[in-house]
């Protein structure tokens, strides 16, 4: 019934972006496309853990880590951290610290490479992030006081999510001896769904969440600026409002957050191709992915200047910035020229109410009611960007 109401109430909206029409002109974007085209090829049959395609993906990531100059960890004897013979491996390559001691801190940069299995090829989810991971590491110079660990994580998708067999869970609970205790983790940067695009105002934008729990990391995230990428800061509590699922974690940042490791979660958000057979290599925005590589390099350079460990406050929010991010998005979503494709008249009515509230609440201190209202707005916007039905009900 929701589908019928949504279709019946459709308004004139801007056309959805066709990623296949986006130009791919720079060498970095072309390299990213090459990585995704291999990882999301039919030959790898969706990279489900334990399958030949999943092992082929791990081999490709290992080869690329070697080519871009990452080193294996001596304790592992290779680029592989085996989760189990049944599931397969995490793939780890590092830039070691210049002066290694027992208390050397490490920055983890990770993304999962597994997917659901054929016919779901998983270009955006999550070959896009693995491609960015590889290219961020390319010829990256070491940070004097930190080691940098690049990790292709396995077994993120169901049924492994949240279990001891999830790649990120396994990594955290089996940190290599070079890292030592979890307290030696300065921060974790996790990426998921980095290539999709549907709504034109987000063609050159990504979302940065989670860093608000650490004021020092958040300062570096907001200081990092490049001319070709718009970064919307937001709280992880907003990302975890998921249409049809409620409030829950959904990516590899979860284990770091739960153990109070400062973390940053990057995503370009779900597109209508999320977890469908339409998530193929031709539907990604490779020039934005290339811009993300440069943004990450700038961020790492700033983080490398920080001598003290980052703090962590599980209850910390940056409410003013969250309001500013969603006010910008909702104001664009209510204008006819920039409405999210497929917006119904009922969703538009709710969005106009959201826009009015965001104008009124600007400058206010966050209350539980304010945070809950912002979460409702987040889930509505996510719902519309993913082209789900019934978005006006949230």
Open item on the list: Any residue in the range 375-394 that is within 19 Å of residue 268 (Cβ to Cβ) sitting within a Cβ distance under 7 Å of a residue that is assigned to a helix (DSSP H, G or I) and modelled with pLDDT under 85? List the pairs, counting only those 6 or more apart or interchain.
Closed with: 380/391; 383/391; 384/391
Open item on the list: Taking the condition of being buried (at least 23 other Cβ atoms within 10 Å of the Cβ) and free of Cβ contacts under 8 Å to residues at least 40 places away in the same chain, how many residues in the range 32-52 meet it?
Closed with: 0
Task: Number of the condition not met by residue 98 [criteria: (1) at negative phi; (2) touching a helix residue (DSSP H, G or I) at 6+ places or on another chain (Cβ under 9 Å)] - done: (2)
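Conditions tested, residue by residue: (1) more than 16 Å from the chain's Cα centre (by Cα); (2) modelled with pLDDT under 95.
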| site | (1), (2) |
| --- | --- |
| 173 | yes, no |
| 180 | yes, yes |
| 184 | yes, no |
| 191 | no, no |
| 207 | no, no |
| 212 | no, no |
| 217 | yes, no |
| 222 | yes, no |
Open item on the list: I'd like to verify a number: residues in the range 365-394 that are more than 26 Å from the chain's Cα centre (by Cα) and either part of a loop (DSSP other than H, G, I, E, B) or within 15 Å of residue 327 (Cβ to Cβ) (or both), how many?
Closed with: 2
Task: Scope the range 71-98; condition touching a residue at least 24 places away in the same chain (Cβ under 8 Å), closer than 18 Å to residue 171 by Cα and assigned to a loop (DSSP other than H, G, I, E, B); matching residues - done: 74, 75, 76, 86, 87, 96
Task: Residues being in contact with a helix residue (DSSP H, G or I) (Cβ under 8 Å, 6 or more places away or on another chain), outside any helix (DSSP H, G or I) and on the phi < 0 side of the Ramachandran plot - total across the range 331-364 - done: 6
- [ ] Find the residue count for the range 53-64, including only residues that are touching a residue at least 24 places away in the same chain (Cβ under 8 Å) and out of contact with any helix residue (DSSP H, G or I) (no Cβ under 7 Å at 6 or more places or on another chain).
- [x] 4
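Given the criteria more than 19 Å from residue 305 (Cα to Cα), surrounded by fewer than 24 Cβ atoms within 10 Å (Cβ to Cβ) and touching a residue at least 40 places away in the same chain (Cβ under 8 Å), does residue 117 qualify?
Considered against the rule, which asks whether it is more than 19 Å from residue 305 (Cα to Cα), surrounded by fewer than 24 Cβ atoms within 10 Å (Cβ to Cβ) and touching a residue at least 40 places away in the same chain (Cβ under 8 Å), residue 117 comes out as yes.
The values are calculated or read from the model by the stated rules, or taken from the named source; none is laboratory data. Predicted model, so just to flag it, every value in this text is computed and none were measured. Don't worry about glycine lacking a Cβ; one is built from the backbone with ideal geometry, like all the others, and counts go over all protein chains shown.
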